[in-house]
Amino acid sequence: MTLLPAYLSALAAKPRAAPRGPGAIEQMRAELRELRDDLDTLKTQKEIKLLLNELDEEKKMRLSLQVFLLKSYYIYSILRCSFY
């Protein structure tokens, strides 16, 4: 589940009329700041997704190691008992 496509379509749906008049430059600067903020949000969402994927991989490796250790301990216990 990702919000990225919906977010991009919302950005594309915004009408962008060419500003005119004395406040046009300030309006364009404000719009540029807004676009930069939107871009930062998208980058942050991508970074979070990458971190969550890395976390999932770490969890899988940890679980595999736990299973390996439990099996090793079980085999060791059986072998140890067979020598006595």
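Here K43 is the anchor, and the aspartates and glutamates within straight C-alpha reach of less than 16 Å, apart from those fewer than 8 places off in the same chain, are E34.
Relative to its residue count, the stretch 43-84 spans a Cα convex hull of 26 Å³ per residue. Taking 0.36 nm per residue of separation and subtracting the Cα-Cα distance, full extension of the segment from K46 to L63 would add 3.5 nm.
Any read-out appearing in this document is the output of simple, stated calculations on the displayed coordinates, not a laboratory observation. Computed from a predicted model, the values in this text were never measured in an experiment.
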